[in-house]
1. Fewest to most neighbouring Cβ within 10 Å: what's the order for 441, 454?
2. Measuring from centroid to centroid over Cα atoms, what is the spacing of the stretch 470-491 and the stretch 252-297 in Å?
3. In nm, give the distance between the simple-model label positions of residue 520 and residue 27, each being 7 Å from the Cα along the Cα-to-Cβ direction.
4. Please work out the FRET efficiency for the pair residue 377 and residue 466, using the Cβ-Cβ distance as r and a Förster radius of 30 Å; give the result to the nearest 0.05.
5. In a solvent-free Debye calculation with one equal scatterer on each Cα, what is log10 I(q)/I(0) for the stretch 1-143 at q = 0.14, 0.16 Å⁻¹, listed in the order of the q values?
6. Over the stretch 411-521, what lengths in whole Å, largest first, do the semi-axes of the equivalent ellipsoid take, defined as the square roots of 5 times the eigenvalues of the alpha-carbon gyration tensor?
7. Alpha carbons only, please: Rg and Dmax for the stretch 348-407, in angstrom.
8. Once you sort the root eigenvalues of the Cα gyration tensor of the chain as a ≥ b ≥ c, which label holds: rounded (a/c under 1.5), prolate (a/b larger than b/c) or oblate (the other case)?
């Protein structure tokens, strides 16, 4: 087996510098879970909504998982697709897959069949799919080209085979593939090595001050970049990771306090809902010590609530699946400084301003930057002279970054980013539609939601349910479905070159006939 190869490997001179400066090859996988278990086997390491595992439990479960994968023929150069939610099984399966040396493509349990097809298309056959039993019929029914292991097999109940040992994998090789839509429509496979992921997690530790005493509370999907970073952070720092698979603010607050969770990172909308719930309950203290937020900042009243009443340090973080935690606030900085920009460049990270496409676009390179997209064709517009193009207009003063605007067009729903163009592609053959375009709408509960503007054929009735049913039949994941339909009675606004102006769709939609998903109908 040759396995997936990096399409944009780090040049040898830069890789040598990252090693010399201590950003790469400073630790192995065994320095995480296994070393933590050797130090304090009874200390709590992993908690989900149903189970609590000690460090010793996790190490044994991972070892058993490695043995199970080896029996399946999974080894260095092999291919794995891991479908999981925020459960201990997902964490154990992830760490077990890493230790085989295989390339693991990760998908959220709510993914669609189209997402799985994309993952399988980029990986070398044969592919082993690890998926929850409840999702296998929906995702894999009728497929004979993959081997399937139930996610529940990674419960750790079976003792490991003593002779079944694993060797530290090549830390420069493709280890993990995450998926992000960007703006091209088809999801892109973002390829990371163990070195880039470890560097990104180290940046997160610098930003949040996380050490062995940290207790991250993971609400974002386990198989998103936020989830992957927190899995590595917890393993590398020997910290306890608490998983929340079905976020509900009041219940989450109770679990945060019960387990002493100290850190929440991800989309600001999660922090906003937690803080509002704490305020509504009249709380005067909660366990959280740090909120690490990317994207939009919290409203000032909530910032003051977090810092003044609860004593929480709010950290700014800037990054992406391709370049996680590239900049961030630093522990102990004055609040005014932390709120004034998107943080300091992390060690080893370099930035250049100005690309062929935009004079203010930020371009990055550094030890946490990915190894290119799985499909090399996606690299053409993503890199310039060896620098990763962020798609954001930025300013830099004294090595501190400020994002001034977005160049790329994506929807960020509860921390999961996808492209409106991806949905447009899926709608291409829907009957009864003259033209259509998807766009993001600010949403107080999810951060953003997806809306679709549709100009129907004369005499055709188009409803939100009909659009969603069509998209489901095309394999679109539920989390990517629109929650708002805007019926357009005239040609959609376009540029001279014919591109739909999505910003005008957002501005003009209130004056049109709108249909909303059930959760949005109350009070309208």
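Read-outs: derived from the displayed coordinates by stated rules, not from any lab. Since the structure is predicted, the reported quantities are computational estimates derived from the model, not experimental observations. All Cβ positions, glycine included, derive from the backbone under ideal geometry; neighbour counts span all protein chains shown.
1. On the way: 441 19, 454 25.
In increasing order of surrounding Cβ atoms, one gets 441, 454.
2. Each part reduced to its Cα centre gives a spacing of 32 Å.
3. About 4.2 nm, to one decimal.
4. Calculated transfer efficiency: 0.35.
5. After summing over all Cα pairs, the log10 values are -0.80, -0.99.
6. With the √(5λ) rule applied to the stretch 411-521, the semi-axes are 19, 16, 14 Å.
7. Cα-based Rg and Dmax for the stretch 348-407 come out at 11.5, 36 Å.
8. Working: a/c = 1.39, a/b = 1.24, b/c = 1.11.
It is rounded, given that a/c, with a ≥ b ≥ c, falls under 1.5.
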